[in-house]
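Below is one structure, written out as C-alpha cells, with a few remarks after it.
Rule-based calculations on the coordinates, nothing more; no lab input. Nothing here was measured: the structure is a model prediction, and the numbers come from that model. Cβ placement follows ideal geometry from the backbone for every residue including glycine, while neighbour counts extend to all protein chains displayed.
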C-alpha cells in the first residue's frame, strides 16, 4: 500500500479496527477512511454500496462485527448470526463491485470445531461440530471466509482472511454483560480491589465510564455506597471474594491487539491471495502467539497485578466454553511475522487504561 492509498477501515471504533487505525497512522498512512455505525449501517446493502461508489477505497480492512463473550453469544443468537453475515456479505460484495484492490477480512478462532486437535491448524476448519455457545457467531465468520474464497475463485479478487486468537488491549469492551473473558476479569478484580480499600469515588468513576451490563446501570444509585456494594455483589464482586464462571480448568491463548494490527498491515503489504491460497484453500491464516494459559493461572496473574487479596470462587454451574483453543501459528511465522507483546505486559497495559478513568 502506498502511504497515500485510500484505505477503508470498517469497524474503526472497535478493539481491532482502532488498533489497525493506530498502526496505519504510526506507519505514516495519510488517507484513512472511517465511518461510525450511525453514519453507515453496514447491514444495509444499499447504504454500503452507495458508500463504496462514492469513496472508492483501494484497500479495505473488514474489522466491523458484533462481538461478545459466552453470555452475549448465548443471549443474542439471532443478532450475532444475522448482523455478522450481513456486514461481511455487503462489504465484500461492494468491494468487488467498486474495484477494491485488496481486502483483509478479520475472522475469529471460534470458527474451529469444539474438539479440534490442538494446536488448531488452518485445515481443521469444518471438520466437526462447533462450540454450541458461540455457534451463531462462528457460522457468520465461516460464511465470511467462504465469501472471500469464492469471490477470489469466481472473480479473481485479491482478498484474504486472518483468524486471530482471543484478543485484548486498548479500547477493549469492559461491559460485564458483553465483554470477553480477559477484560471482564481485569475489571472485576479492579472493582474488587477498590471495594477492599473503600475507594467508592473511583468505583463511581469507573461505572460512569464503562457500563456494567445486566440493566444494573439503571438500578445502581451512585450516591449510595450500599447500593453500589449490592450491585457489584450481584456481579460476584465483593471485597471478600470474586465469583467467576466455570471451573477455571480450560485453556486460552491471548494476543495483544496491537500485535494483531501489526500482522494485518504486514499481510496486506506483503502477502497476496495466491500466496495465501498455498496456506489454505480458503485464503486464511491463523494469527496468535502459539502459547496458551489455564484460566485459573490467568486469574492468579491478574489478581497479583491488581493486588486484590480476597478469595476466588468458581461457579461450576456455569459453562466453561471450549476446553482448549490454541492456534497453530507456524504458517504465519513462516510468512515472516511473530508476536511481540507478552501476556503479563499486555495485561498491565490494559489495567493502566482502566486506572486512567
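Key figures for this structure:
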{"item": "Per-bin percent of Cα-Cα distances, the stretch 1-56 [10 Å]", "result": "24, 49, 26, 1"}
{"item": "Rounded to 5, percent antiparallel among DSSP beta bridges of the chain", "result": "10"}
{"item": "Peptide ranges 11-19, 231-239, 27-35 listed from the most packed, as the mean C-beta count within 10 angstrom indicates", "result": "11-19, 231-239, 27-35"}
{"item": "Alpha-carbon Rg with Dmax, taken over the chain, Å", "result": "20.5, 63"}
{"item": "Ratio of the Cα radius of gyration of the stretch 94-178 to 2.2 N^0.38 Å, where N counts its residues", "result": "1.26"}
{"item": "Sorted by Cβ density within 10 Å, fewest first, the residues 353, 53", "result": "53, 353"}
{"item": "Over the stretch 159-286, volume per residue of the alpha carbon convex hull, in Å³", "result": "136"}
{"item": "With Cα atoms, 0 to 90° folded angle of helix 15-26 axis to the chain main axis", "result": "60"}
{"item": "q = 0.09, 0.22 Å⁻¹, the stretch 1-120: log10 I(q)/I(0) [Debye, one scatterer per Cα]", "result": "-0.27, -1.28"}
{"item": "Alpha carbon Rg of the stretch 127-228, scaled by the compact-globule rule 2.2 N^0.38 Å", "result": "1.59"}
{"item": "Extension gain, residue 44 back to residue 230 (0.36 nm per residue minus Cα-Cα distance, nm)", "result": "62.8 nm"}
{"item": "Computed over the chain: relative contact order in percent, which uses C-alpha pairs under 8 Å that are six or more apart", "result": "20"}
{"item": "Relative contact order for the stretch 1-62, counting Cα pairs under 8 Å that sit 6 or more residues apart, in percent", "result": "49"}
{"item": "With Cα atoms, 0 to 90° folded angle of helix 181-197 axis to the chain main axis", "result": "20"}
{"item": "Inter-site label distance for residue 77 and residue 200 at 7 Å from Cα along Cβ, in nm", "result": "4.2"}
{"item": "Crossing angle, helix 225-234 versus the chain [Cα axis fit, 0-90 degrees, rounded to tens]", "result": "60"}
{"item": "Length-normalised contact order of the stretch 82-164 in % [C-alpha pairs under 8 Å, at least 6 apart]", "result": "42"}
{"item": "Virtual spin-label span in nm between residue 146 and residue 209, 7 Å along Cα→Cβ", "result": "4.3"}
{"item": "Evaluated over the stretch 145-205, the Cα radius of gyration and Dmax, each in Å", "result": "20.2, 62"}
{"item": "Over the stretch 225-270, equivalent-ellipsoid semi-axes from the Cα gyration tensor in Å", "result": "39, 16, 7"}
{"item": "Cα-based Rg / Dmax (Å) for the stretch 52-151", "result": "14.5, 46"}
{"item": "Hull volume in cubic angstrom per residue (convex hull over the Cα atoms of the stretch 218-357)", "result": "165"}
